[in-house]
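> The structure that follows is given in the form of structure tokens.
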Amino acid sequence: MMNIANVFRHSLQLLLRQKLLLLATFAIAAVIIATALAAEFGGRQPTAVALDVGLSTLRLVLPLFMFFQVQEIFSREFERKYYQLSLTYPISRHAWLLGRFLALLCASSILLLLIGALLGLQVSLLGQGHEPATPVSLGLPYWITLLFTGLDLLVLLSLACFWAVIASTPSFVLIGTLGFMLIARSYSAVLALLANNTNVVGSVEAYRANLGLLGYLLPDLGALDVRMIALYARMEFLPANWAALLGSSLLYALGFLALTVWLFRRKQFT
Amino acid sequence: MPYLFKLPLVQALISFCGFFALVLWRSGQPLAAPTPAPHDRVVISAPVLTVLYGGDRFLAADLETIRLSATGIDRGHADTHYLIRAHKVVSELNPCHENNYYLGNALLTWGGAVEEGGKILQRATECRFWDELPPFLYGFNQFFFNKEIEKAQQYLEIAASRSERNAAGFRKLAIMIEAEQIDDEKMALNFLRQEYNKAESTNLKVMLDKRVKRLEGLVLLRDAQRIYEQQTGKALQHPNELLDKGIIDQFPNDPTRLGYEFDEGRFKLKKAKIAGVEER
């Protein structure tokens, strides 16, 4: 336990010495600029459109931030053979990996909360001075939305660590996890939309059946996007089976984390 | 001479000279007849858009609405064919999107595409289960354009059940349309003028101004018909009789170029005939 805490502390120091703060600043700036621009085009509902686009940007830049950190802390270490030194310390590989994972999780969570708070502040400032028919909710529904987004990020983080341990090139972490993110976030929405878009693919039913199989391979990250509860301030938009949704995504992340630990223990360094 | 060809720089120079000579020769050739530019704009279907926007249907809906409101209307001319498809795609991505149903009602329904605008409002009514505006707009349009009294009343009742402030007004309207005691064209005109005053973008204002003028033409025609029927004591059979009697000097000009029609003894707004986009 002590070992994990030590690795955690050292990893955070390592991240801070690298480009963590610079990348975090870029991520924050991207969300704030996108939100401000969206509000300009908001029409009848500037706050809802601003919050909507802000959350979308957050869901795009935070994974990128995480992947760069994973590259920094795993792939660089393997590439530059720092592990020849770091693995000689009297710590288990288990602790070596989990300490790094927790440091990444900590940095990403802090950034998520920071951006969330700034976005909430910005949207509430934008909303001052005019009263829309249906105002957005920046209270509990908003923070629930951020919690679900955090779970989405946790799944992506554990997957990125998995790729970092098994892949031989650092760029594979970025490509592999981005590809996973794209499919896991879109397949359930595409499945639903195909029901009334029958002319997009040849045989819709066969296509939907095959796409439905993905549900057993990938967690439904698209359903974790529950922003409608905050956008329209109606808790009714929260999926009824939210507990199962949270549980399944959490188990998927833990499963991949355990698999990563197992693989790392058996990893043969050349 | 063979010695020169062994120098790589000379080889490079010769190759590039040859390249420039061929480009020059090609530019001198007569061009093939240009293929005519495609008439219509592309609207990508909703499932494909979702993937293109990284699995984020909300972002797709937002950006597509911004795109259609910024580029669908240009110098007061609406590209109705494009707008119908674009609004439909957004309403599939996020049926709750407020700007989409509001602009859809202003641009499609009042631009002659009543059925297509109605579908967007129906989806918004379903998704925005707390909002009184989409069912009110849909109910009013059913009454004003299609004379579907029953459907109009049904949607006005939905609107009334969602509103605390306007419930009595909606219910009163539902009763009045059945008794046909209502000056529907003047009410519509007032409503459209309010939307015009609330609109912020110049482009939208120009568009709404045309629709207000179009409706003013209808008010003029119906007033003239009323005067004619009072003066002569018989129903108007043909619109030209208004000109013969000298009640109006000329028929009003519709700036949207859709025009008016005289059907079953009543002046109406003509609907746009849009081939190929109606739902089958």
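> Part of a helix (DSSP H, G or I) and at negative phi: is that true of residue B:236 in this structure?
No.
> Looking only at the stretch B:150-168, count every residue that is within 27 Å of residue B:111 (Cβ to Cβ) and in contact with a helix residue (DSSP H, G or I) (Cβ under 6 Å, 6 or more places away or on another chain) and tell me the total.
Within the stretch B:150-168, residues that are within 27 Å of residue B:111 (Cβ to Cβ) and in contact with a helix residue (DSSP H, G or I) (Cβ under 6 Å, 6 or more places away or on another chain) number 7.
> What residue, of A:196, A:210, is surrounded by fewer than 16 Cβ atoms within 10 Å (Cβ to Cβ) and more than 11 Å from chain B (Cβ to nearest Cβ)? Give the derivation first.
On the way: A:196 fails: more than 11 Å from chain B (Cβ to nearest Cβ).
The unique qualifying residue is A:210.
> Give the residue that is nearest to the other protein chains (Cβ to nearest Cβ), with candidates limited to residues of the stretch A:243-253 that are surrounded by 14 or more Cβ atoms within 10 Å (Cβ to Cβ) and without any contact (Cβ under 8 Å) to a residue 60 or more places away in the chain.
A:245
> Also: Checking residue A:168 against (1) surrounded by fewer than 19 Cβ atoms within 10 Å (Cβ to Cβ); (2) part of a helix (DSSP H, G or I); (3) in contact with a helix residue (DSSP H, G or I) (Cβ under 9 Å, 6 or more places away or on another chain), only one condition comes out false. Which one?
Answer for residue A:168: the failing condition is (2).
> Among B:210, B:172, which is the only one that is assigned by TED's automatic domain parsing to the domain that holds residue B:246 and of a type outside the set (Val, Ile, Thr)?
B:210
> I would also like to ask the following. In the stretch A:63-77, what residues are out of contact with any helix residue (DSSP H, G or I) (no Cβ under 7 Å at 6 or more places or on another chain) and modelled with pLDDT of 85 or more? Spell out the reasoning first.
Looking only at the stretch A:63-77, we keep the residues that are out of contact with any helix residue (DSSP H, G or I) (no Cβ under 7 Å at 6 or more places or on another chain), and these are A:64, A:76.
Within the stretch A:63-77, just A:64 meets the criteria.
> Touching a residue at least 12 places away in the same chain (Cβ under 8 Å), of a type in the set (S, T, N, Q) and away from chain B (no Cβ under 13 Å): does that describe residue A:108?
So residue A:108 passes the test.
> State whether the residues of the stretch B:59-81 include one that is on the phi < 0 side of the Ramachandran plot, outside any helix (DSSP H, G or I) and among the charged types (D, E, K, R).
yes
> Here is a follow-up. Do you know which residues across the stretch B:150-164 are of a type in the set (S, T, N, Q), within 16 Å of residue B:129 (Cβ to Cβ) and in a helix (DSSP H, G or I)? Let's see the steps before the verdict.
Of all residues in the stretch B:150-164, those of a type in the set (S, T, N, Q) come to B:153-154, B:161, B:163.
Still in the running and within 16 Å of residue B:129 (Cβ to Cβ): B:154, B:161, B:163.
The answer is B:154, B:161.
> Identify all residues within the stretch A:170-192 that are farther than 25 Å from residue A:102 by Cβ and at pLDDT below 85; write none if there are none.
Selection gives A:191, A:192.
> Give A:60, A:98 a once-over and let me know the one that is within 23 Å of the chain's Cα centre (by Cα), within 23 Å of residue A:115 (Cα to Cα) and at pLDDT 85 or above.
A:60
> Let me ask another. Among what's in the stretch B:203-228 and is farther than 14 Å from residue B:107 by Cα and without any contact (Cβ under 8 Å) to a residue 12 or more places away in the chain, pick the residue that is surrounded by the most Cβ atoms within 10 Å (Cβ to Cβ).
B:223
> Given the residues A:256, A:264, A:172, A:162, which is the only one that is in contact with a Lys or Arg (Cβ under 9 Å, 6 or more places away or on another chain) and more than 14 Å from every other protein chain (Cβ to nearest Cβ)?
A:264
> Right, residue B:203: in contact with a Lys or Arg (Cβ under 9 Å, 6 or more places away or on another chain) and among the polar types (S, T, N, Q) or not?
yes
> Sticking with this one: Would you point out the residue of the stretch B:173-202, among those that are assigned to a helix (DSSP H, G or I) and among the small types (Gly, Ala, Ser), that is surrounded by the most Cβ atoms within 10 Å (Cβ to Cβ)? Please lay out each step first, then the result.
Step one: of the stretch B:173-202, the residues assigned to a helix (DSSP H, G or I) are B:173-179, B:184-198, B:202.
Filter once more, keeping what is among the small types (Gly, Ala, Ser): B:174, B:179, B:188.
Values: B:174: 20, B:179: 7, B:188: 22.
In this case the residue turns out to be B:188.
> I'm checking my understanding of the structure. Among residues of the stretch A:227-239 that are away from every other protein chain (no Cβ under 11 Å) and part of a loop (DSSP other than H, G, I, E, B), which one is surrounded by the fewest Cβ atoms within 10 Å (Cβ to Cβ)?
Applying the filter and picking the extreme gives A:239.
> Same structure again: Check off (1) within 14 Å of chain A (Cβ to nearest Cβ); (2) touching a Phe, Trp or Tyr at 6+ places or on another chain (Cβ under 7 Å) for residue B:142 and give me the number that stays unchecked.
Result: residue B:142 passes all but (1).
> Can you name the residue in the stretch A:179-191 that is at the interface with another protein chain (Cβ under 9 Å from one of its Cβ atoms) and hydrophobic (A, V, I, L, M, F, W, C) and, of all such residues, is farthest from residue A:79 (Cα to Cα)?
A:191
> Hey, does the stretch A:126-143 have a residue that's out of contact with any Leu (no Cβ under 6 Å at 6 or more places or on another chain), under 30 Å from residue A:9 (Cα atoms) and crowded, with 19+ Cβ neighbours inside 10 Å? Break it down into steps so the answer makes sense when it comes.
If we filter the stretch A:126-143 for residues that are out of contact with any Leu (no Cβ under 6 Å at 6 or more places or on another chain), which is where we start, we get A:126-135, A:137-143.
Those still in the list that are under 30 Å from residue A:9 (Cα atoms) too: A:143.
Subset that is crowded, with 19+ Cβ neighbours inside 10 Å: none.
No; the residues of the stretch A:126-143 include none that is out of contact with any Leu (no Cβ under 6 Å at 6 or more places or on another chain), under 30 Å from residue A:9 (Cα atoms) and crowded, with 19+ Cβ neighbours inside 10 Å.
Residue-by-condition table, conditions (1) within 14 Å of chain A (Cβ to nearest Cβ); (2) touching a residue at least 24 places away in the same chain (Cβ under 8 Å); (3) under 21 Å from residue A:192 (Cβ atoms); (4) in a loop (DSSP other than H, G, I, E, B):
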{"residue": "B:96", "(1), (2), (3), (4)": "yes, yes, yes, yes"}
{"residue": "B:115", "(1), (2), (3), (4)": "no, yes, no, no"}
{"residue": "B:122", "(1), (2), (3), (4)": "yes, no, yes, no"}
{"residue": "B:131", "(1), (2), (3), (4)": "yes, yes, no, yes"}
{"residue": "B:136", "(1), (2), (3), (4)": "yes, yes, no, no"}
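The values are calculated or read from the model by the stated rules, or taken from the named source; none is laboratory data. Worth saying up front: this structure is predicted, and the values here are computed from it rather than measured. Don't worry about glycine lacking a Cβ; one is built from the backbone with ideal geometry, like all the others, and counts go over all protein chains shown.
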